[in-house]
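Participant: One structure, as structure tokens, below. Some questions next.
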Amino acid sequence: MKTQSVLEKVLKSGNLAVTSECGPPRGTSAAAVREKAELLRGYCDGINVTDNQTAMVRMSSLAACILIRQMGLHSILQMTTRDKNRLALQSDILGAYAHEIDTVLCLSGDHPKFGDHPMASNVYDLDSVQLIQTVKQMRDDGKFQGGADIADPPKMFIGAAANPFADPFELRVARLAKKVNAGVDFIQTQCIYNVDKFEQWMEAVVKRGLHKEVYIMAGITPMKTAGMAHYMKKRVPGMDVPDEVVDRMASVPKEEMAEEGIKICIETIERLKKVEGVAGFHIMAIEWEEKVPEIVKRAGLYPRPEV
């Protein structure tokens, strides 16, 4: 079996790619997964399925990815090294590819202390860079991390995350270079509110020529309320929300905040389209998936290219 990631085809064609996100339910409802995914049909080139995000127990990413793939949509398997050792990670890669899931995002994962099982043991048998190397070795060399041959290797398109805003800022590009050297194909960034700082990061990325070695997708999250803006500024680690964004959200009546959040989102996309090295957008409308089609249309990213 050989499938090729639709996301890979769009990126290689030179079109701006669009991915979105679907958080699995804290329960067993397949209908809940399908309902979210259906909202995104035709508006993105791949749907990320989060892996116990914020260290809260949810339906497994692999199971939800399979449900989405059965709908004829293209799911992106998020894998964290927090919960599984190298045996389980490689096993899930094989299982995913057997279900025609051909795109993976390699992550470390949020620490359990942030979630609903703060006493859970971290695994971290591999880190995210080692997971990238492992999946690449499985794909390109047809070998497991332990050296044994794989029958029918999984031809995965390999992604990872990058946070241009975490401290120390000077090391952010070096961290990206490490993932590029490990063999990553595409990057999805942390959601961008401080566009000036993101542009600084991209300038450094371009200076090192990394934009020619990896596709960089800019992370976009629309804000619903001024309260959400304030919370993300003060309480979410690694997030950079400038005061002017919080003030702008707070300056409009409550009933207009959602529209203001979407306007900020679209303005950000329009500005980032002009930034050298930006290959697409990852739209993370957290529990607000119904707004993704509107954002994609208003930002001039619709219809999606046929590849």
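Participant: Do any of K36/K136; K143/K212; K234/K254; K207/K274 go past 22 Å between their Cα atoms, and which?
Facilitator: Over 22 Å Cα-Cα: K36/K136; K143/K212.
Participant: Once you have the Cα-Cα distance between V236 and A98, take 0.36 nm times their residue separation minus that, and quote the gain in nm to one decimal. Intermediate values should be presented prior to the final figure.
Facilitator: Details: separation 138, 0.36 × 138 = 49.68 nm, distance 3.62 nm.
Difference between extended and current length: 46.1 nm.
Participant: Taking the alpha carbon gyration tensor of the chain, what are the square roots of 5 times its eigenvalues, largest first, to the nearest whole Å?
Facilitator: 29, 21, 20
Participant: For K273 and E306, compute 0.36 nm times the residue count separating them, minus their Cα-Cα distance, and round to one decimal in nm. All intermediate terms of the calculation are to be shown ahead of the outcome.
Facilitator: Details: separation 33, 0.36 × 33 = 11.88 nm, distance 2.01 nm.
Length difference between fully extended and current span is 9.9 nm.
Participant: Magnitude of the Cβ-charge dipole of the stretch 6-298, K/R +1 and D/E -1, about the Cα centre, nearest 20 debye?
Facilitator: It works out to roughly 280 debye.
Participant: Only Lys, Arg, Asp and Glu count, each charged at its Cβ (+1, +1, -1, -1), so figure out the dipole size of the stretch 65-187 about its Cα centre, rounded to 20 debye.
Facilitator: Approximately 160 debye in magnitude.
Participant: So which trypsin sites (Lys or Arg not before Pro) in the stretch 210-307 are both in a DSSP loop and have at most 13 other Cβ atoms within 10 Å of their Cβ? Write out the running numbers ahead of the final one.
Facilitator: On the way: sites: K212, K224, K233, K234, R235, R248, K254, K263, R271, K273, K274, K291, K297, R298; in loops: K224, K273, K274.
Sparse-neighbourhood loop trypsin sites (Lys or Arg not before Pro): K274.
Participant: While we're here: Q200 to K178: FRET efficiency via 1/(1 + (r/R0)^6), r the Cβ-Cβ distance, R0 22 Å, to the nearest 0.05? Before the final figure, lay out the partial values.
Facilitator: Numbers: r = 19 Å, r/R0 = 0.88.
The value I calculate is 0.70.
Participant: Between D141 and Q4, what's the calculated FRET efficiency when r is the beta-carbon distance and R0 is 25 Å? Round to 0.05.
Facilitator: Values: r = 19 Å, r/R0 = 0.75.
So the FRET efficiency works out to roughly 0.85.
Participant: Enumerate the residues in the stretch 202-242 having an amide nitrogen under 20 Å from the point lying 7 Å beyond the Cα of E287 toward its Cβ.
Facilitator: 220-237, 239
Participant: Further question: How much length is gained on full extension from S60 to S91, taking 0.36 nm per residue of separation minus their Cα-Cα distance? Walk me through the intermediate numbers first.
Facilitator: Details: separation 31, 0.36 × 31 = 11.16 nm, distance 1.41 nm.
Here the answer is 9.7 nm.
Participant: Still on this structure, please answer the following. Can you compute the modelled spin-label distance between D149 and N122, with each label point 7 Å from Cα toward Cβ, in nm?
Facilitator: Placing both labels 7 Å along Cα→Cβ, they lie 3.9 nm apart.
Participant: Would you mind putting 160-172, 114-126, 48-60 in packing order, based on average other-beta-carbon counts within 10 Å, highest first?
Facilitator: Details: 160-172: 16.5, 114-126: 13.4, 48-60: 19.8.
Ranked from most to least packed, the peptides come out as 48-60, 160-172, 114-126.
Participant: Can you tell me the relative contact order of the chain? Whole percent, Cα pairs under 8 Å, sequence separation 6 or more.
Facilitator: Details: 580 pairs, mean separation 60.4, N = 307.
Computed over the chain, the figure is 20 percent.
Participant: Toward the positive end of the charge dipole of the chain, about the Cα centre and with charges on Cβ (Lys, Arg +1; Asp, Glu -1), which of I269, M232, S128 goes farthest?
Facilitator: S128
Participant: Counting other beta carbons within 10 Å of each residue's own, what order do S108, S20 fall into, fewest first?
Facilitator: Fewest-to-most ranking of S108, S20: S108, S20.
Readers should treat all values here as calculations from the given coordinates under stated rules, not as data from a laboratory. Just so it is clear, the structure is predicted and the values come from calculations on it, not from any experiment. When we count neighbours, we look across all protein chains shown, and the Cβ atoms used for this are built from the backbone with ideal geometry, even at glycine.
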